[in-house]
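Have a look at the structure below before the remarks.
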Amino acid sequence: MSFQVFGIPVSRGVAIGRAVLVASSRVDVAHYFVGPDQVEAEIERAFRARDEVAREFETLKQDLRGDTPQELAALLDVHLMLLHDEALIGAATQWIIDRHYNAEWALSAQLEVLARQFDEMEDDYLRERKADLEQVVERILSALAREQGLVPVDAASVVQRDFAGEDPLLLVAADIAPADMMQFKRSVFHGFITDIGGKTSHTAIVARSMDIPAVVGTREASRLIRQDDWIIIDGDAGTVIVNPSPIMLEEYRFRQRQSELERARLARLRHTPAVTLDGERIELHANIELPLDAQGAIEAGATGVGLFRSEFLFMNRDGELPGEDEQFAAYRAAVEAMRGMPVTIRTVDVGADKPLDRMSASELRHEHVLNPAMGLRAIRWSLAEPSMFRQQLRAIYRASAFGKVRLLIPMVAHLHEVRQILEAVKKVQQQLNDAGHAYSHVELGVMIEIPAAAVMLPLLLRHVDFVSIGTNDLIQYTLAIDRADEAVAHLYDPWHPAVLQLLASSIGLARAAGKSVSVCGEMAGDPAFTDLLLAMGLRSFSMHPSQIPSVKQRVLRADAGRLATFMPEIMGSEDPRHEAELAFARNKPARALQ
Ligand code: PEP
Ligand code: MG
């Protein structure tokens with residue numbers, strides 16, 4: 001039966017494919033396809049791991065002492081029974097045969113199917129056996145992981161990663177932590193659906209950076225959608241259509257083709273300089289998460305990197321953080337890839353929904369820290385870990401010997417933080433001089449993400465070379481809305497008059513002080529805000545590379561001087577969005593390119 005699920009659209013486009021349900025805790029299980037000639041070997045891997053766990057259980061049973069409670073022996077019997085049940089291992093091998101999933105993926109896919117069946121059982125005792133099944137599968141997954149560890153396999157020789165399977169696959173999960181999203185970059189999935197999250201949650205940001213359709217905040221998609229269901233993700237409307245009718249499928253395939261044509265048309269703007277109709281040159285920079293992303297930035301026509309979110313280098317590390325040399329290599333790779341264009345490296349912004357270890361954001365939020373968005377996050381964390389901070393500064397400074405590097409500090413709220421940063425920079429320069437490492441001049445910038453920083457901007461501007469406005473957090477902290485919480489997503493409003501006041505005044509104050517100012521939050525990459533930001537006087541935007549062509553199209557059609565004349569009306573209006581839409585539409589320049 002066909003039905004729809006509604007959520008928040010976070011990454012545009014249409015994706016059509018089969019659902020892969022993954023529980024949040026198992027998102028980091030390896031997901032890859034095995035080639036047709038590897039299917040047998042993969043099935044054997046699954047059986048070997050199953051047999052190893054069976055031996056563990058048998059040994060445990062034999063070792064039980066006479067005084068061990070009866071229940072424990074009975075539990076081991078239940079686990080052994082589940083382990084040998086055809087519905088688990090037999091059905092999992094069917095996923096390997098039919099879909100060419102690797103063994104880990106096949107097992108977790110089958111676990112999701114069985115877990116659903118357990119959830120629907122009337123009998124309490126039977127329903128509770130789901131936990132046993134999960135434990136059994138976790139053990140098999142551990143055995144598979146151990147096997148990979150013991151016999152280091154050359155993934156390329158064993159696994160044909162190019163083998164793409166027959167149908168596109170769309171990931172459905174209750175939640176995906178940003179660190180796990182990073183595992184999925186360049187993965188097999190063509191789209192994402194999650195139950196929780198907001199438009200500017202970091203999971204959504206990574207989905208956008210992958211430029212694949214995504215819908216978050218659906219609340220119950222992972223409960224309603226079944227493994228292998230056919231689904232359509234409409235990433236523009238925020239709709240998920242489950243088991244679509246042939247007519248619906250046809251309509252969405254048509255829309256998919258249309259949007260590919262539109263992308264191809266926009267891609268032709270790549271070499272066109274971003275200059276408004278009245279001759280204002282606009283910088284369109286890229287936001288990147290990894291050095292590899294710099295290639296995408298160049299291909300999209302970016303004129304620099306406006307935000308390198310360095311914290312992604314610190315994720316998926318199993319507790320071991322990257323040292324100075326490793327960071328230096330990463331920053332240098334990005335700087336060299338940008339071939340002389342500026343690269344703005346932001347110091348690590350961990351905390352809130354970007355925890356350092358494998359804990360999911362929701363675990364962190366509820367169990368470990370009272371209020372992580374307001375806690376030891378970003379620069380607060382760096383200043384609390386001074387040697388780690390200096391290590392990162394040294395790596396960034398060393399990369400400056402290879403191109404134009406700018407240093408950006410997140411979440412600044414106090415002048416004493418800026419003073420501490422300046423002191424750390426001085427110390428680091430001294431250390432580099434002593435060690436004979438080369439470096440060039442590095443401009444220092446702070447992010448305007450906390451209303452306090454926007455209000456006291458004239459004081460901050462005395463100490464820094466540039467500012468970058470992080471609208472994602474600025475909106476979150478101005479309106480007191482958790483950006484990752486779908487329950488309040490409807491109140492997260494970039495058009496709120498208070499947000500517009502802070503934005504307009506920050507841009508105006510920085511320009512008046514002769515300091516460069518850019519916006520690197522998601523507003524900068526949304527063409528719906530391009531006219532508004534140009535009207536406020538913004539001349540530097542930083543966004544996901546995939547957004548650059550559509551924002552550039554807006555820039556090419558804009559008359560910045562004329563747009564600015566509407567600002568008093570917009571700022572004085574009780575409905576600035578409506579006012580801006582009317583004003584900008586009424587006054588479309590006649591010479592605009594079509
Ligand atoms: C922002 O807050 O707008 C920003 C760019 O930083 P992040 O999204 O990484 O918090
Ligand atoms: Mg931020």
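The values are calculated or read from the model by the stated rules, or taken from the named source; none is laboratory data. On a predicted model such as this, the values are computed, not experimentally measured, just so you know. Note that we place each Cβ from the backbone using ideal geometry, even for glycine, and neighbour counts take in every protein chain shown. Protein only, heavy atoms only, side chains kept; ligands, DNA and RNA dropped before computing areas. Shrake-Rupley method; radii C 1.70, N 1.55, O 1.52, S 1.80 Å.
Under a 1.4 Å probe, what is the accessible area of the chain per residue, stated in Å²?
On the way: 25570 Å² over 594 residues.
Using a 1.4 Å probe on heavy atoms only, each residue of the chain averages 43 Å².
Using the alpha-carbon centroid of each, what span in Å lies between the stretch 35-54 and the stretch 223-250?
Each part's Cα centre sits 32 Å from the other's.
Go through LYS426/LYS552; LYS404/LYS588; LYS354/LYS426 and tell me which ones have a Cα-Cα distance over 32 Å in this structure.
Working: LYS426/LYS552 39 Å; LYS404/LYS588 37 Å; LYS354/LYS426 29 Å.
In this structure, LYS426/LYS552; LYS404/LYS588 exceed 32 Å between Cα atoms.
Largest first and to the nearest Å, give the Cα extent of the stretch 277-327 along each principal axis.
Each principal axis gives a Cα extent; for the stretch 277-327 these are 52, 18, 17 Å.
Using a Förster distance of 35 Å, how high is the FRET efficiency between ALA528 and GLU326, based on the Cβ-Cβ distance and rounded to 0.05? If you can, show how the numbers build up before the last one.
Numbers: r = 39 Å, r/R0 = 1.12.
Efficiency at R0 = 35 Å is approximately 0.35.
At 1.4 Å probe size, with the rest of the protein present, what percent of the exposed accessible area of the chain is carbon and sulfur atoms? Intermediate results must be reported in sequence, preceding the final value.
Numbers: 13610 of 25570 Å².
Carbon and sulfur together cover 53 percent of it.
Report the relative contact order of the stretch 268-586, percent, no decimals, based on alpha-carbon pairs under 8 angstrom and at least 6 residues apart. Let's see the in-between values first.
Working: 585 pairs, mean separation 61.9, N = 319.
With pairs under 8 Å counted, the relative contact order is 19 percent.
Quick one: compute a quarter of the convex hull surface over the Cα atoms of the stretch 422-528 and quote it in nm². Could you put the intermediate results ahead of the total?
Values: hull surface 34.7 nm².
Averaging across all directions leaves 8.7 nm² for the Cα convex hull.
Once every Cα of the stretch 268-586 carries one equal point scatterer and solvent is ignored, give the base-10 log of I(q)/I(0) from the Debye formula at q = 0.11, 0.13 Å⁻¹, two decimals.
Scattering profile of the stretch 268-586, log10 relative to I(0): -0.68, -0.97.
Per residue and in Å³, how big is the convex hull formed by the alpha-carbon atoms of the stretch 29-80? Before the final figure, lay out each step's value.
Values: hull volume 4.6 nm³, N = 52.
So the per-residue hull volume is 88 Å³.
Over the chain, what is the percentage of antiparallel beta bridges among all DSSP beta bridges, to the nearest 5?
On the way: 19 of 57 bridges.
Bridges in the chain are about 35 percent antiparallel.
Taking the Cα atoms only, what angle lies between the long axis of helix 324-337 and the longest principal axis of the chain, rounded to 10 degrees?
Tilt of helix 324-337: around 60 degrees.
Any idea what log10 I(q)/I(0) is at q = 0.14, 0.17 Å⁻¹ for the stretch 67-126, Debye with uniform C-alpha scatterers and no solvent?
These q points yield log10 I(q)/I(0) values of -0.51, -0.68.
Given Cβ point charges of +1 (Lys, Arg) and -1 (Asp, Glu) and nothing else, what value in debye, to the nearest 20, does the dipole of the stretch 523-585 about its Cα centre take? Spell out each step's value before the answer.
Values: 6 positive and 8 negative charges, 86 e Å.
Computed about the Cα centre, the dipole is about 420 debye.
Where the eigenvalues come from the Cα gyration tensor of the stretch 107-149, what are the semi-axes √(5λ) of the equivalent ellipsoid, largest first, in whole Å?
They are 25, 10, 4 Å, listed largest first.
Roughly how tilted is helix 576-586, in degrees to the nearest 10 and between 0 and 90, from the longest Cα axis of the chain?
Roughly 60 degrees, rounded to the nearest 10.
Count the net charge of all other residues whose Cβ sits under 14 Å from the Cβ of MET571, scoring Lys and Arg as +1 and Asp and Glu as -1. Mind dumping the intermediate values first?
On the way: positive: ARG577; negative: GLU569, GLU574, ASP575, GLU579.
Local charge sum for MET571: -3.
When only the heavy atoms of the protein chains count and the probe is 1.4 Å, how do ARG263, ARG45 rank by accessible area, highest first?
Details: ARG263 80, ARG45 25 Å².
Listed by decreasing accessible area, they come as ARG263, ARG45.
What shape does the stretch 243-364 have by the C-alpha gyration tensor, where a ≥ b ≥ c are the square roots of the eigenvalues, rounded means a/c under 1.5, and otherwise prolate means a/b greater than b/c and oblate the rest? Spell out each step's value before the answer.
On the way: a/c = 2.59, a/b = 1.23, b/c = 2.11.
In terms of gyration-tensor shape, oblate.
Taking +1 at the Cβ of each Lys and Arg and -1 at the Cβ of each Asp and Glu, which of ALA487, TRP95, ALA395 sits farthest along the dipole of the chain towards its positive end, judged by Cα position relative to the Cα centre?
Positive-most Cα among the choices belongs to ALA395.
How far is helix 39-63 tilted off the main Cα axis of the chain, in degrees rounded to 10, range 0 to 90?
With both axes taken from Cα atoms, the answer is about 60 degrees.
For the stretch 353-485, what is the Kirkwood hydrodynamic radius in Å, using each pair of distinct C-alpha atoms?
Working: mean 1/r = 0.0618 Å⁻¹.
One over the average 1/r among Cα pairs gives 16.2 Å for the stretch 353-485.
Stokes-Einstein diffusion coefficient for the stretch 1-98 at 20 °C in a medium of 1.002 mPa s, Rh from the Kirkwood formula over Cα pairs: what value in µm²/s? Before the final figure, lay out the partial values.
Working: Rh = 17.5 Å.
Result for D is 122 µm²/s.
Work out the length of the dipole vector of the chain about its Cα centre, built from +1 on the beta-carbon of each Lys and Arg and -1 on the beta-carbon of each Asp and Glu, and round it to the nearest 20 debye. Walk me through the numbers before you get to the answer.
Working: 63 positive and 84 negative charges, 685 e Å.
The dipole of the chain has a size of about 3280 debye.
Within the set of other residues whose C-beta is less than 9 Å from the C-beta of ILE409, count the net charge using Lys and Arg as +1 and Asp and Glu as -1.
Neighbourhood net charge equals 0.
More than 48 Å apart: what percent of Cα pairs in the chain qualify? If you can, show how the numbers build up before the last one.
Details: 31556 of 176121 pairs.
Tail of the P(r) past 48 Å holds 18 percent of the pairs.
If one puts a single equal scatterer on every Cα of the stretch 543-592 and applies the Debye formula without solvent, what log₁₀ I(q)/I(0) results at q = 0.17, 0.23, 0.27 Å⁻¹?
Ignoring solvent entirely, the Cα scatterers give -0.60, -0.89, -0.99.
Considering just Cα atoms, how many Å³ per residue does the convex hull of the stretch 33-148 enclose? Walk me through the numbers before you get to the answer.
Values: hull volume 10.5 nm³, N = 116.
It comes to 91 Å³ per residue, whole-number rounded.
Stretched out fully, how many nm does the piece from ASP236 to ARG270 gain, at 0.36 nm a residue minus the Cα gap?
On the way: separation 34, 0.36 × 34 = 12.24 nm, distance 2.33 nm.
Separation in residues times 0.36 nm, less the Cα-Cα distance, equals 9.9 nm.
Pop out the Kirkwood hydrodynamic radius of the stretch 158-264 from its pairwise C-alpha distances, inverse of mean 1/r, in Å to one decimal.
On the way: mean 1/r = 0.0681 Å⁻¹.
Computed over Cα pairs of the stretch 158-264, the Kirkwood hydrodynamic radius comes out at 14.7 Å.
Among bridges DSSP assigns within the stretch 158-264, what percent are antiparallel (round to 5)? Let's see the in-between values first.
Working: 4 of 11 bridges.
Bridges in the stretch 158-264 are about 35 percent antiparallel.
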